[in-house]
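Asker: For reference, the structure I am asking about is given below.
The values are calculated or read from the model by the stated rules, or taken from the named source; none is laboratory data. In this text the structure is predicted, and so the values were computed from the model without any measurement. Virtual Cβ from ideal backbone geometry, glycine too; neighbours counted across all protein chains shown. Ligands, DNA and RNA are excluded from the accessible area calculation, which covers all protein heavy atoms including side chains. Shrake-Rupley method; radii C 1.70, N 1.55, O 1.52, S 1.80 Å.
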Amino acid sequence: MNFDLSEEQTLLQASIQRFVRDKYELEQRFEYLRQEAGFSADNYSALAELGLLLLPFSEDKGGLGADPVDIMVACDAIGPGLIAEPFFASSIFTGALFNRLPVDETLVDSVGIGETRFAIAFAERKARYTLDFIETKARPKDGVFHLDGTKTLVLNGDASADLLVLARTSADTMDQAGLSLFHVKASAAGIDRQMYRTTDGNMAAEITFRDTPGTVLGREGEAFEVFEEAVADATFALCAEAVGILQAMFDKTLDYVKERKQFGVPIGSFQVIQHRMSDCYMAVESCRSMVLKAALADRSDRDAWLKTIAGVKAFVSEKSLHVGHECIQFHGGMGVTNELIISHYHKRLMTISTLFGDARTHLERYEMAA
């Protein structure tokens, strides 16, 4: 089988790598994170100009119709930049949802030019990683649904972002039936947002809705399967991003052990270091193979596809933490300081390893699907 990238994918990869190289030196990243929104508006516009914001949206929605391999290439290339801009929340995750919903093409166009940004509000404090544990209610009032409840860990959920909210219109708290998706405008009444930083330095929000109006997207009460599939797509993209970070982290650590000397020789000449670096190399390549497996998985068998994604997330989460710990240890005390990008890579990997479920959660899902 030929695993070479197509000409278009090679150009996509090169354009993203150039963006990361030009815009994301570590000090530049610190400056972006210090801005009020937690990212650079200029960089977000640059992503729009490159066409990246439309990448995940299907062609019938007005997007570029990227396939899973395209998404893998893009996220792998973005990973080493640790970009602060809401590419994942407003493009990858939103695109995965919109592709499965009857959404107006003008709204997709607005996302593509960077005019409208979305954040996905689904997680709740008591739910842990259970997607159907939803206490937020949506009740009809004067012909419009009004939402009441609190969502946590809303990535890039700042005051200028529109919201896609998973809320319950009927049934019990942990029932997959009765869940609906709502578009809530950033300017809607009754929204209280408490912003905070996640482990990787990016912004997230705790958002409370009090009698907040929202518009139903898709069929009322039938959103669970749509949302579950969108989460699987988003999880796959995160795993691809993790591979890009792992490769960058390994490469920088390899350069370091070749240069750092003890007893007059590079520490990379010590057999124990060579063995451990070899283990890290195998872990990175194994993760790459697993992500490629997910990219090529047959989606016509929904259960088998979801099982594959669960297995890949479990594997990548576990290996990411292992390689991160090893690379930090090779760097010694400097490995955990802000001055070295190694520590920031590790923080992002820790965040990715828990988003949508940690290794244990996904392993359990994989085993239950067997």
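Asker: Can you work out which of the residues in the stretch 274-309 that are open to solvent by 40 Å² or more (accessible area, probe 1.4 Å) and hydrophobic (A, V, I, L, M, F, W, C) is farthest from residue 246 (Cα to Cα)?
Answerer: Among those that are open to solvent by 40 Å² or more (accessible area, probe 1.4 Å) and hydrophobic (A, V, I, L, M, F, W, C), it is 304.
Asker: Let me ask something additional. Looking at 251, 255, can you tell me which residue is free of Cβ contacts under 8 Å to residues at least 40 places away in the same chain, surrounded by fewer than 19 Cβ atoms within 10 Å (Cβ to Cβ) and either under 24 Å from the mean Cα position of the chain (by Cα) or at positive phi (or both)?
Answerer: Going through 251, 255 in turn, the sole match is 251.
Asker: Would you say residue 226 is at pLDDT 95 or above, assigned to a helix (DSSP H, G or I), open to solvent by less than 50 Å² (accessible area, probe 1.4 Å) and closer than 30 Å to residue 134 by Cβ?
Answerer: When the stated conditions are applied, residue 226 passes them.
Asker: So which helices (runs of 4 or more DSSP H) are wholly in the stretch 1-91 and hold at least 3 residues that are modelled with pLDDT of 95 or more, crowded, with 16+ Cβ neighbours inside 10 Å and within 16 Å of the chain's Cα centre (by Cα)?
Answerer: The qualifying helices (runs of 4 or more DSSP H) are 68-78.
Asker: Which one of the conditions (1) assigned to a strand (DSSP E or B); (2) open to solvent by less than 50 Å² (accessible area, probe 1.4 Å) does residue 192 fail to meet, given that it meets all the rest?
Answerer: The one condition residue 192 does not meet is (2).
Yes or no, residue by residue, for (1) farther than 30 Å from residue 64 by Cα; (2) free of Cβ contacts under 8 Å to residues at least 24 places away in the same chain; (3) open to solvent by less than 50 Å² (accessible area, probe 1.4 Å); (4) not hydrophobic (A, V, I, L, M, F, W, C):
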| site | (1), (2), (3), (4) |
| --- | --- |
| 112 | no, no, yes, yes |
| 116 | no, no, yes, yes |
| 127 | yes, yes, yes, no |
| 133 | yes, no, yes, no |
| 200 | no, no, yes, yes |
| 206 | yes, no, yes, yes |
| 211 | yes, no, no, yes |
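Asker: Here's a follow-up. Taking the stretch 135-162 on its own, how many of its residues are open to solvent by 30 Å² or more (accessible area, probe 1.4 Å), within 24 Å of residue 197 (Cα to Cα) and either of a type in the set (Ser, Thr, Tyr) or at pLDDT 95 or above (or both)?
Answerer: Adding up the residues that qualify gives 4.
Asker: If you don't mind, there's one more thing I want to ask. Looking at this structure, is residue 97 closer than 30 Å to residue 345 by Cα and either open to solvent by less than 20 Å² (accessible area, probe 1.4 Å) or in a helix (DSSP H, G or I) (or both)?
Answerer: Criteria met by residue 97.
Asker: Given the conditions (1) within 18 Å of the chain's Cα centre (by Cα); (2) under 25 Å from residue 16 (Cβ atoms), which single one is not true for residue 293?
Answerer: Going through the list (1) within 18 Å of the chain's Cα centre (by Cα); (2) under 25 Å from residue 16 (Cβ atoms), residue 293 breaks only (1).
Asker: Oh, and also: With closer than 20 Å to residue 201 by Cα, touching a Gly at 6+ places or on another chain (Cβ under 6 Å) and touching a residue at least 60 places away in the same chain (Cβ under 8 Å) as the only criterion, which of 38, 79 stands out?
Answerer: Going through 38, 79 in turn, the sole match is 79.
Asker: Would you check if there is a residue in the stretch 317-339 being open to solvent by less than 50 Å² (accessible area, probe 1.4 Å), under 30 Å from residue 152 (Cα atoms), of a type in the set (Gly, Ala, Ser) and under 16 Å from the mean Cα position of the chain (by Cα)?
Answerer: Yes, because at least one residue in the stretch 317-339 is open to solvent by less than 50 Å² (accessible area, probe 1.4 Å), under 30 Å from residue 152 (Cα atoms), of a type in the set (Gly, Ala, Ser) and under 16 Å from the mean Cα position of the chain (by Cα).
Asker: Continuing with this model, one more query. Which residues, counting only those in the stretch 142-157, are in contact with a Ser or Thr (Cβ under 9 Å, 6 or more places away or on another chain) and over 14 Å from residue 190 (Cβ atoms)?
Answerer: If the condition is that a residue be in contact with a Ser or Thr (Cβ under 9 Å, 6 or more places away or on another chain) and over 14 Å from residue 190 (Cβ atoms), then 153, 155, 156 are the ones that fit.
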